[in-house]
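First up is the structure itself, then whatever we jot down about it.
The values are calculated or read from the model by the stated rules, or taken from the named source; none is laboratory data. Note that this is a predicted model, so its numbers are computed, not measured. Positions of Cβ are backbone-derived with ideal geometry, glycine not excepted, and every protein chain shown enters the neighbour counts. For the accessible areas, the whole protein counts, side chains as well, though only heavy atoms, and no ligand, DNA or RNA atoms are used. Shrake-Rupley method; radii C 1.70, N 1.55, O 1.52, S 1.80 Å.
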Amino acid sequence: KSPGVVRLYEAVVGAGPMANARVVLKEFVGEEGVKCGVREAEAYRAVMEMEGRRGTELGAWDDEWPMAVLLGSFVGDGTFEGVRFKENWGRAFPRAGDPPKAGSPWLVFRYEGFNTLQNLPRAPQEPDFFDRFSPTRRLSRKLAFFRRASFLSLSALRFLHAHGVLHRAIGPASLLLNTVDERLPALLDVKLRDLGFAARITEAASEGYEKARKAGAVMPAEISRFVCAEDVYALGYALLECAFGFFGGAEGDGGRDATQDGLKRVIEDVYGVDMARVREYYAEEPRWEMLVAALDADDGAGWEFFGELLRLGSDANKTSCRPIEEYEQLRFVAGQS
């Protein structure tokens with residue numbers, strides 16, 4: 001499913017205590033892939049180590065943790081070099097490229113589906129008969145779901161940072177959803193995944209020390225806020241890209257204007273993260289009518305929310321990054337816990 005440095009497979013465990021359980025196998029391909037695999041495993045290790053210090057049995061996984069559930073790992077053995085394996089591979093996965101090699105690292109995750117923020121805008125939704133009688137009914141339903149998704153995404157990132165880990169590659173595909181049914185915000189759960197570029201906050205702070213100092217960070221806490229700000233900023237654009245597809249565009253696709261690069265050109269390069277002017281710009285386009293209405297709700301709570309997250313793109317603003325729990329109290333997402 002993921003060409004390049006990572007390939008994903010749906011599988012069923014054939015024997016043992018987990019026999020017949022559905023899992024996701026994550027293969028890391030090539031030198032860069034191995035580096036990603038090591039970083040992802042280390043990120044999970046960091047979380048487990050901190051929980052172990054808190055009295056949680058090391059190796060025990062709490063289903064309430066907002067991360068994709070890692071079950072284990074293995075390294076490809078000589079079976080992968082056998083002629084029969086290669087022939088079976090070619091028949092089963094004709095478009096997947098070369099078969100796995102002996103020595104390749106794998107992580108095993110619980111199967112939790114493949115719904116993410118990335119495919120939420122294109123997910124088919126059940127029509128509601130009563131929408132035709134109330135112009136705002138559909139907007140209210142979609143807005144409730146998106147606000148909940150935004151809050152839970154922040155909460156997942158807060159959990160990761162609280163365990164001393166930066167994600168460093170957050171995008172819409174990094175946020176796993178248990179449902180894309182916009183009628184079910186109360187049942188929604190969001191988990192972070194794809195930690196192949198993750199690092200411990202202490203390591204990132206050391207690497208970014210000089211850059212942080214130039215931006216005005218002096219104390220260790222300020223330097224930590226500086227490096228954490230990049231994740232918060234990236235999450236802001238991941239959510240906003242999803243919003244453009246979810247509330248507007250053709251068939252859930254906002255087009256080139258709604259890619260992160262396109263959004264950054266408008267929001268940062270043209271308007272300097274002045275969200276009032278950004279709103280005026282998008283309000284001129286009829287196709288963004290629902291998006292603008294969604295972010296206008298509660299006296300512009302959505303514009304305020306995204307403004308607070310996206311202003312962190314500037315190094316000068318990174319040192320003022322607030323604890324994530326404070327962003328969870330912004331009006332757009334407050335009260336979603």
Practice problem: Give the accessible surface of region 185-337 per residue, rounded to a whole number of Å², with probe radius 1.4 Å and ligands, DNA and RNA excluded. | Solution: 47
Self-check item: Spread of Cα-to-Cα distances over 5 Å intervals beginning at zero, given as percent, for region 81-203
Solution: 2, 9, 14, 15, 14, 12, 11, 10, 7, 4, 2, 1, 0
Self-check item: Cβ-based net charge around D128, under 12 Å, with every Lys or Arg adding one and every Asp or Glu removing one
Solution: +2
Quiz prompt | Fraction of accessible area attributable to carbon and sulfur, region 11-133 (%, probe 1.4 Å) | solution = 54
Self-check item: Among beta bridges that DSSP assigns inside the chain, antiparallel share in %, nearest 5
Solution: 95
Practice problem: In whole Å, largest first, what are the principal axis extents of the Cα atoms in the chain? | Solution: 62, 57, 38
Quiz prompt | Listed residue pairs exceeding 21 Å between alpha carbons, taken from K26/K86; K35/K191; K26/K264 | solution = K35/K191; K26/K264
Quiz item: Round to a whole number: what % of the accessible area of region 168-223 belongs to carbon and sulfur, probe 1.4 Å?
Solution: 57
Exercise. Please give the length that would be gained between A19 and F93 if that part of the chain were fully extended, namely 0.36 nm times their separation in residues minus their C-alpha to C-alpha distance (nm, one decimal).
Key: 24.3 nm
Quiz item: Hey, what do the phi angles of region 320-333 turn into as Karplus ³J(HN,Hα) couplings, whole Hz, using 6.51/-1.76/1.60 and θ = phi - 60°, x for Gly and Pro?
Solution: 9, 4, 8, x, 4, 4, 6, 5, 5, 9, 4, 4, 5, 10
Self-check item: Residue-count net charge about S206 - beta-carbon cut-off 13 Å; Lys, Arg +1, Asp, Glu -1
Solution: 0
Quiz prompt | Per-selection Rg to Rh, region 180-297 - Cα, Kirkwood hydrodynamic radius | solution = 1.05
Practice problem: Please give the FRET efficiency for R141 paired with F114, using the beta carbon to beta carbon distance and R0 = 25 Å, rounded to the nearest 0.05. | Solution: 0.60
Self-check item: Net charge of neighbours whose Cβ lies under 13 Å from the Cβ of G76, counting Lys and Arg as +1 and Asp and Glu as -1
Solution: 0
Quiz prompt | Simple Cβ-charge dipole of the chain, Lys/Arg +1 and Asp/Glu -1, about Cα centre, in debye nearest 20 | solution = 480
